[in-house]
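One structure is given below, encoded as structure tokens.
The values are calculated or read from the model by the stated rules, or taken from the named source; none is laboratory data. As the structure is a prediction and not an experimental result, all values here were calculated from the model. Using ideal geometry, Cβ is built from the backbone for each residue, glycine included, and neighbour counts are taken over all protein chains shown. Keep in mind that these areas ignore ligands, DNA and RNA; they rest on the heavy atoms of the full protein, side chains included. Shrake-Rupley method; radii C 1.70, N 1.55, O 1.52, S 1.80 Å.
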Amino acid sequence: MAFDQSRVTAFYETHPYPYRPPGTVGDDTLIGVPSDLRFINHYVFGGRRDFGKKMRLLIAGGGTGDAVVGLGRQAAALGCPAELVYIDLSTRSREIAEERCRKLGLGGIRFHTGRIQDVPELEPEAFDYIDFCGVINHVGDQQQVVDILSGCLAPGGGMGVMAYGQLGRTGVYHVQDMLRLAGAGQGDVGTARALLGALPETNWHRRNAIFAETSGEPDVEIADRYLNPADRAFTVAELRSVMNAAGLEIAAFVPPLLYDAAAEIADPALRERVAKLSWIDRCIFAELFHGDIAMHNFYVVKAGRRPDADRLLGEKAAIPIMTSIPAGQAPTIANGRYGFTMKCGPLARKLTLPGTENSASIIRAIDGVRSLQQIHRTLPGNMSWRQFQREFALVYRGLNGAGEMVLSMTPIPR
Ligand SMILES: C[S@@+](CC[C@H](N)C(=O)[O-])C[C@H]1O[C@@H](n2cnc3c(N)ncnc32)[C@H](O)[C@@H]1O
């Protein structure tokens with residue numbers, strides 16, 4: 001169906017997204033990838049962002065405000081002189097987002113109702129970070145919009161993106177097509193629920209464990225997923241093409257382990273072939289291998305400026321930050337491995353990560369404030385800095401891979 005901007009605007013006026021009933025203000029659980037400053041600092045700024053400097057943040061397609069609230073709160077907690085700019089097509093969404101910020105006392109945010117395409121005129125000064133979460137799927141001409149956003153980025157800046165994953169959403173578009181054939185309108189949530197309830201076991205939507213259970217979903221979610229007038233999903237290869245054509249480079253997908261299948265292949269010859277692929281080809285392979293990535297969370301920077309936060313592993317002053325494991329908690333290490341659950345959207349994956357007898361003490365000492373040097377000093381015995389670096393790198397590879405750990409030169413509260 002041809003793209004019609006007025007239908008998208010009308011849809012989000014009626015169905016502000018995500019569903020944030022009155023009383024929802026901002027709590028920690030609503031801060032997530034890509035809009036979490038701890039991840040942004042790691043993947044866009046190589047862990048070295050100076051938060052004492054002015055930082056311009058654009059929330060493009062900000063919806064009901066999770067990202068503007070989360071980024072505003074994190075910047076305020078850091079004492080960062082941040083300038084936040086929010087834009088969305090939907091007046092109703094903007095009102096909800098604005099009210100949430102007002103209740104939290106987050107000031108100095110500029111709110112626009114309008115199209116991302118008009119940002120260069122509305123806000124000519126460049127941005128250090130652009131949040132573009134769950135919006136690329138609904139803009140019609142993705143290339144035009146990404147080109148525009150790329151042009152709004154400061155040279156060392158970057159963008160955090162969430163784009164729907166084509167394979168992981170298998171079945172969702174079948175339901176959308178059936179509803180269109182049946183003449184369902186944008187607000188026909190009852191019809192959508194009736195169809196979802198009637199699907200036979202053989203249907204791809206029913207077979208997709210991520211989406212099969214919909215009875216507990218609020219109406220806004222049902223409308224957004226099945227009755228959306230403009231919705232497309234992407235493969236990793238398509239995202240790479242769109243980003244590269246806009247002069248951007250994908251810096252990382254999060255969690256990184258989900259985009260690397262080599263370790264899961266037992267056959268040594270095949271594992272080696274996969275491991276030798278370029279990084280982006282390994283991501284393309286892993287998407288096909290896993291099949292269930294319904295959301296691609298990733299960071300992009302200007303082409304040729306991909307930062308390497310892993311270099312902080314050599315810095316004594318670098319601070320490891322756990323992104324959701326509470327400080328002081330450590331797993332039990334048995335036979336050189338420990339069990340870990342990686343959350344990917346509604347699904348959870350059980351992983352076993354490598355560790356040594358020192359890993360638990362290292363993990364327990366990480367509190368988001370202590371530096372690598374300070375963590376080293378808490379360890380019993382006379383471990384050398386070199387040995388500590390090896391031990392820490394092992395912990396880091398596993399937990400960063402699972403989306404649980406980032407590195408930073410400054411503490412970043414959530
Ligand atoms: C699925 S919602 C995502 C909201 C928010 N980013 C989040 O992740 O919670 C998509 C949002 O993009 C907005 N949108 C879509 N196309 C847009 C455009 N061209 N310019 C501005 N906003 C747009 C919609 O109005 C809607 O609020």
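Just to check your reading of the model, which residue among His138, His112 is open to solvent by 10 Å² or more (accessible area, probe 1.4 Å), within 11 Å of the ligand (Cβ to nearest atom) and touching a Leu at 6+ places or on another chain (Cβ under 8 Å)?
Working: His138 fails: touching a Leu at 6+ places or on another chain (Cβ under 8 Å).
Only one candidate qualifies: His112.
When Leu58 is tested against (1) under 17 Å from the mean Cα position of the chain (by Cα); (2) more than 16 Å from the ligand (Cβ to nearest atom); (3) crowded, with 24+ Cβ neighbours inside 10 Å, exactly one condition is not met: (2).
Quickly run through region 153-164 and pick out the residues that are more than 10 Å from the ligand (Cβ to nearest atom) and either within 21 Å of Val8 (Cβ to Cβ) or of a type in the set (A, V, I, L, M) (or both). Quick ask: steps written out before the conclusion?
Within region 153-164, the first condition is being more than 10 Å from the ligand (Cβ to nearest atom), and the residues that meet it are 153-161, 163.
If the condition is that a residue be more than 10 Å from the ligand (Cβ to nearest atom) and either within 21 Å of Val8 (Cβ to Cβ) or of a type in the set (A, V, I, L, M) (or both), then Leu153, Ala154, Met159, Val161, Ala163 are the ones that fit.
Would you point out which residue out of Leu353, Leu394, Leu372 is closer than 17 Å to Leu313 by Cα, in contact with a Ser or Thr (Cβ under 9 Å, 6 or more places away or on another chain) and buried (at least 17 other Cβ atoms within 10 Å of the Cβ)?
On the way: Leu353 fails: closer than 17 Å to Leu313 by Cα; Leu372 fails: in contact with a Ser or Thr (Cβ under 9 Å, 6 or more places away or on another chain).
So the residue among Leu353, Leu394, Leu372 that is closer than 17 Å to Leu313 by Cα, in contact with a Ser or Thr (Cβ under 9 Å, 6 or more places away or on another chain) and buried (at least 17 other Cβ atoms within 10 Å of the Cβ) is Leu394.
Looking only at residues that are of a type in the set (A, V, I, L, M) and surrounded by fewer than 20 Cβ atoms within 10 Å (Cβ to Cβ) in region 115-135, which one is nearest to the ligand (Cβ to nearest atom)? Residue satisfying both the conditions and the ranking: Leu122.
This table checks each residue for (1) more than 16 Å from the ligand (Cβ to nearest atom); (2) surrounded by 15 or more Cβ atoms within 10 Å (Cβ to Cβ); (3) within 26 Å of the chain's Cα centre (by Cα).
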residue	(1), (2), (3)
Ala198	yes, no, no
Arg207	yes, no, yes
Pro218	no, no, yes
Phe234	no, yes, yes
Leu257	yes, yes, yes
Asp260	yes, yes, yes
Lys276	yes, no, no
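The set of residues from region 339-370 being outside any loop (DSSP other than H, G, I, E, B) and farther than 24 Å from Asp292 by Cα comprises Pro354, Ser359, Ala360, Ser361, Ile362, Ile363, Arg364, Ala365.
Just the residues that are among the acidic types (Asp, Glu) and surrounded by 15 or more Cβ atoms within 10 Å (Cβ to Cβ), please, taken from region 278-323. Glu287, Asp292, Asp310, Glu315, listed by residue number.
Look at Tyr173 and say whether it is open to solvent by 20 Å² or more (accessible area, probe 1.4 Å) and of a type in the set (Phe, Trp, Tyr). Against the criterion (open to solvent by 20 Å² or more (accessible area, probe 1.4 Å) and of a type in the set (Phe, Trp, Tyr)), Tyr173 qualifies.
Condition first: more than 13 Å from the ligand (Cβ to nearest atom), within 16 Å of the chain's Cα centre (by Cα) and of a type outside the set (S, T, N, Q). Can you find one or more residues in region 24-36 that meet it? Don't jump to the end; show me each part of the working.
Quick first cut of region 24-36, residues more than 13 Å from the ligand (Cβ to nearest atom) only: 25, 27-29.
Right, trim to within 16 Å of the chain's Cα centre (by Cα) and you get 28-29.
With the extra rule that they be of a type outside the set (S, T, N, Q), the set shrinks to 28.
Yes.
Could you please let me know if Phe39 is within 16 Å of the ligand (Cβ to nearest atom) and open to solvent by 60 Å² or more (accessible area, probe 1.4 Å)? Taking the combined requirement at face value, the residue does not satisfy it. Among the conditions (1) open to solvent by 30 Å² or more (accessible area, probe 1.4 Å); (2) at pLDDT 95 or above; (3) more than 22 Å from the chain's Cα centre (by Cα), Gly107 misses just one, which is (2).
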